[in-house]
Structures are given as structure tokens and as C-alpha cells.
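As C-alpha cells, the structure follows; a few thoughts come after it.
The values are calculated or read from the model by the stated rules, or taken from the named source; none is laboratory data. A quick note: this is a predicted structure, and the numbers were derived from the prediction, not measured. Positions of Cβ are generated from backbone atoms using ideal geometry, with glycine treated the same way; all protein chains shown enter the neighbour counts.
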Amino acid sequence: MEIKLKKASVKDKSELAALCIESYSKAYHDHWEDGGLAWYLEREFGDQRITLDLSTSNITITFFKF
């Protein structure tokens, strides 16, 4: 199996946000009270935050494709 690495860019923000939201929600959905999970997901993985993170030079996000 070949694994490819791809550095995420701002144009990948929708794919990255969807992946983060799905992964986090599956793992931690039962740790939150009503409304808390939605608030956290928007704060950490919303368009504004993802764009900021992907535009920050000291943050590198990498996709692993296999």
C-alpha cells in the first residue's frame, strides 16, 4: 500500500473541516452536554478557524492518502 502525504492549503478547508468534524464527533460526542458539541465544532473547525490555521505559517496540516 502506497501512502501519499499532501500538505493542506486553504483550498482544502471544506474537506479538512468535514474530516475533523466527523472524526471528533464520533470519538467525543458523548462527552458533551446539549449544545456543547456544536459550539465546540464551530469554534475549532468552522470556516474562520480552519482558514486562520491554514494561513498561519507555523501550523502545518497534512493529509495522509492511501
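Side notes on the structure shown:
- Highlighted here are the helices (runs of 4 or more DSSP H) found entirely within the chain that include at least 1 residues which are surrounded by 11 or more Cβ atoms within 10 Å (Cβ to Cβ) and β-branched (Val, Ile, Thr): 13-28, 47-55.
- Which listed residue, of Gly46, Gly35, is modelled with pLDDT under 95, more than 20 Å from Phe66 (Cα to Cα) and not acidic (Asp, Glu): Gly35
Let's see how each residue does on (1) in contact (Cβ under 8 Å) with a residue 40 or more places away in the chain; (2) under 15 Å from the mean Cα position of the chain (by Cα):
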{"residue": "His29", "(1), (2)": "no, no"}
{"residue": "Trp32", "(1), (2)": "no, no"}
{"residue": "Glu42", "(1), (2)": "no, yes"}
{"residue": "Ser55", "(1), (2)": "yes, yes"}
